[in-house]
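Quick notes on the structure that follows.
The values are calculated or read from the model by the stated rules, or taken from the named source; none is laboratory data. Values in this document were obtained by computation on a predicted structure and should not be read as measured data. Here the Cβ is made from the backbone with ideal geometry for all residues, glycine too, and neighbour counts use every protein chain on show.
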């Protein structure tokens, strides 16, 4: 199948070339980080986790959201997702690559990362997170490879793949749950110590992931002959609407418990996010932007006519992704450390090198996705002709 | 398809039962405990420390404990920015060390005053609980929370988990800094970049039957604010202090059971 990725239009090669340039910049900066240490980032003793870990969290959500197309298609036999499901699985595989790389670049001693498996520690959520992510990538890769191979050969997929597909459904839920457990079990960080963290993660994931899938499907429709169909896009838009509504609801539930109880160690983090503490208000504008975008997008998405206008839908989906990226990719991780355990306010901002490495990681994921989608489109064209 | 849905529900049901059965297992493993409880069947040795803040404050500006500790353990004085600081024992203002005890009417003798803080060597250490490689671990024999710097992958999960801010990460290589200040010692391992470190309660001195250096330095300097000993040895200096005085611990409600006690 791989040969499909080696033949393409100039536009395809321009995209690949562009991504390779960004990846090269990321790799070079990462080599510098290896040489000099994580000191080239904005992290420090008060905020030991920042941009990298936040991106990891956001992308686990994107990976898990593939279940939103796999479940309707395989469990409910929702045939309209027939052409979409492979896009979802390939997005999941690429997203897991991005997650793993963000963990990797965050390590102080990346060469020792296999210690997690050499000395398996069942009490550490990080061990389980690694296991569940690897397992999920494996499941999706096998499923995509086998089902797509069968489609190419014009035969039904083998029977043994069915239980594996069904297993991948709860597994998708597990990756984001375990990711939430990384944070939610820490008595030192009251901002994270909330039972609704995992449900919140899942709800926002099921809004942002399918939004990304809609945009990708619309891009493919515009630039290639690959069309997932209006019904599939309409259904995905509905899924985004429901998930976004639930995500906003969960957030409000969190806000009530956090604020009404009026315990300083809980309220302080919300205060930092939405009001700022003293002159420290780095995230305030971001967080309000996120809220306005989330509520505004929901308002638009609730109108069935708006969901049918694909230009508008693409824009709204972009805003949903941005709103959730701010919430998870900025606020969620950083705010837990502000104020710190001494109730001191120390702020954090990612540095240039940190952002360059992050862009490189995202570009690497985008490259894998581009190649996988290229193969999918090539094989589909071959089958259809 | 109806069949597949049923199969899925079956799997889901079985998993739920499986997950449910772990709850009694977990509660069997975790003893019911109030935040101040110590284990009923106690171990023979649990090293602990009592810090008398009143005595400590009498020696204004004294840094004997931290200076000697950092000198003996190759703890570098990292250049700016402050966020790259590495420290094992240092002073925090009372309201920042005791975030739950401070109030608007704290007496002047305490409010804003420096209090010595270090790793609490908790009986139930969150850092050990979360470490994915057991690079940080609690020694069963004496309760010291120790580090294996060669196993540490530098993920900093322990720093996120520690409620006391006791852990430092090497954001860059500490050796050049130590060499530049001519303080690199060869009788104690220096760390590499990318690993976490913290106070080890002077495990290397305890092995020789000596007290931790901070305690020695405090006494040598006439402060006598730090006492060290086995919590379960009734004859030890600190067991006596604990019996005699009212002591508090940092963030007791979290149930970590610190082994560093404070007389305030």
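Condition test on residue B:75, is it within 12 Å of chain A (Cβ to nearest Cβ) and either assigned to a helix (DSSP H, G or I) or touching a helix residue (DSSP H, G or I) at 6+ places or on another chain (Cβ under 8 Å) (or both)? For residue B:75, the condition - within 12 Å of chain A (Cβ to nearest Cβ) and either assigned to a helix (DSSP H, G or I) or touching a helix residue (DSSP H, G or I) at 6+ places or on another chain (Cβ under 8 Å) (or both) - is not met. If you go through region B:84-95 and pick out every residue that is under 16 Å from the mean Cα position of the chain (by Cα) and within 7 Å of chain A (Cβ to nearest Cβ), you end up with 1. Filtering A:175, A:143, A:164 for residues that are under 17 Å from residue A:82 (Cα atoms) and touching a helix residue (DSSP H, G or I) at 6+ places or on another chain (Cβ under 8 Å) leaves a single hit, A:143. Answer yes or no: is there a residue in region B:164-185 that is within 11 Å of chain A (Cβ to nearest Cβ), within 20 Å of residue B:46 (Cβ to Cβ) and either in a loop (DSSP other than H, G, I, E, B) or touching a helix residue (DSSP H, G or I) at 6+ places or on another chain (Cβ under 9 Å) (or both). The answer is yes, given that some residue of region B:164-185 is within 11 Å of chain A (Cβ to nearest Cβ), within 20 Å of residue B:46 (Cβ to Cβ) and either in a loop (DSSP other than H, G, I, E, B) or touching a helix residue (DSSP H, G or I) at 6+ places or on another chain (Cβ under 9 Å) (or both). Got a number for residues in region A:28-42 being in a loop (DSSP other than H, G, I, E, B) and more than 7 Å from chain B (Cβ to nearest Cβ)? The total comes to 2. Answer yes if at least one residue in region B:105-112 is modelled with pLDDT of 95 or more and within 14 Å of chain A (Cβ to nearest Cβ), and no otherwise. Scanning region B:105-112, I find no residue that is modelled with pLDDT of 95 or more and within 14 Å of chain A (Cβ to nearest Cβ), so the answer is no. Condition (residue is in a helix (DSSP H, G or I), out of contact with any strand residue (DSSP E or B) (no Cβ under 8 Å at 6 or more places or on another chain), in contact (Cβ under 8 Å) with a residue 24 or more places away in the chain and more than 19 Å from residue A:106 (Cα to Cα)) applied to region A:353-367: is it met by at least one residue? Checked against the condition, which is being in a helix (DSSP H, G or I), out of contact with any strand residue (DSSP E or B) (no Cβ under 8 Å at 6 or more places or on another chain), in contact (Cβ under 8 Å) with a residue 24 or more places away in the chain and more than 19 Å from residue A:106 (Cα to Cα), region A:353-367 yields at least one hit. Within region A:148-189, the residues that satisfy the criterion of being in a helix (DSSP H, G or I), touching a residue at least 60 places away in the same chain (Cβ under 8 Å) and crowded, with 20+ Cβ neighbours inside 10 Å are A:148, A:165, A:166, A:168, A:172, A:175, A:176, A:179, A:183.
Of all residues in region A:252-302, those satisfying the criterion of being under 24 Å from the mean Cα position of the chain (by Cα) and not in a helix (DSSP H, G or I) are A:282, A:283, A:302. Listed here are the helices (runs of 4 or more DSSP H) enclosed by region B:188-264 that have at least 3 residues being in contact (Cβ under 8 Å) with a residue 60 or more places away in the chain and loosely packed, with under 15 Cβ neighbours inside 10 Å, and there are none.
The set of residues in region B:186-201 that are within 14 Å of another protein chain (Cβ to nearest Cβ) and within 16 Å of the chain's Cα centre (by Cα) comprises B:196, B:197, B:198. Determine whether region A:319-334 contains at least one residue that is within 14 Å of chain B (Cβ to nearest Cβ), within 17 Å of residue A:269 (Cβ to Cβ) and either modelled with pLDDT under 95 or more than 15 Å from the chain's Cα centre (by Cα) (or both). Scanning region A:319-334, I find at least one residue that is within 14 Å of chain B (Cβ to nearest Cβ), within 17 Å of residue A:269 (Cβ to Cβ) and either modelled with pLDDT under 95 or more than 15 Å from the chain's Cα centre (by Cα) (or both), so the answer is yes.
Has region A:304-314 got at least one residue that is more than 27 Å from residue A:181 (Cβ to Cβ), in a loop (DSSP other than H, G, I, E, B) and modelled with pLDDT of 95 or more? Yes - at least one qualifying residue is present in region A:304-314. Just give me the residues in region B:104-118 being touching a helix residue (DSSP H, G or I) at 6+ places or on another chain (Cβ under 9 Å) and assigned to a loop (DSSP other than H, G, I, E, B), in sequence order. The answer is B:106, B:109, B:110, B:111, B:112, B:113.
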